[in-house]
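Working notes, structure below.
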């Protein structure tokens with residue numbers, strides 16, 4: 001069976017469910033890919049947008065209430081959340097409730113920020129409306145990003161269907177490259193922080209020896 005036919009049948013059965021679960025978690029990559037597949041006619045761009053909106057909205061609502069009812073226990077149990085707690089509080093102090101809007105656009109804090117906002121005194125109703133608007137903008141940007149990627153490819157290539165496999169791989173490659181660059185940037189920041197901490201410990205050790 002032809003690749004396009006297999007892909008179409010699979011997406012008709014499972015595509016929207018996979019998209020919903022993906023956006024319930026983080027989902028930028030899957031939403032970009034869904035936008036491209038909508039351009040190719042495998043999915044409906046209107047459903048892609050609406051499902052992504054619902055999934056991203058419900059996901060952050062769950063994280064917010066997880067923080068509201070069990071946040072402090074999570075801070076004690078999960079060190080990764082506890083490490084980001086202070087950084088998140090600085091963002092909240094700097095930007096206020098606007099953090100609730102930008103949380104899904106902050107790589108590495110996408111899940112943590114709604115949990116920590118749940119721990120704070122932010123009113124659930126306020127978070128709901130901000131989250132609703134943020135999910136709408138996020139879903140529109142990334143779904144249309146994938147769709148316009150396909151549109152741009154169609155302007156450059158005579159027969160998009162012939163190069164469909166390569167375009168999907170190229171889109172995934174672009175996404176992975178951005179992730180890798182960001183991960184490298186974070187690693188560099190952590191490396192410099194560890195170096196400063198090592199120098200500080202060495203200095204304190206030297207001072208203690210002198211005394």
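Readers should treat all values here as calculations from the given coordinates under stated rules, not as data from a laboratory. Treat the numbers as computed from the prediction; the structure is a model and nothing was measured. Cβ atoms come from the backbone with ideal geometry, glycine included; neighbour counts cover every protein chain shown.
Observations on the model:
- Rounded if a/c under 1.5, otherwise prolate or oblate - segment 3-164, Cα gyration tensor axes: prolate
- Sites residue 172 and residue 66 - FRET efficiency at Förster radius 35 Å, r taken between beta-carbons, to 0.05: 0.70
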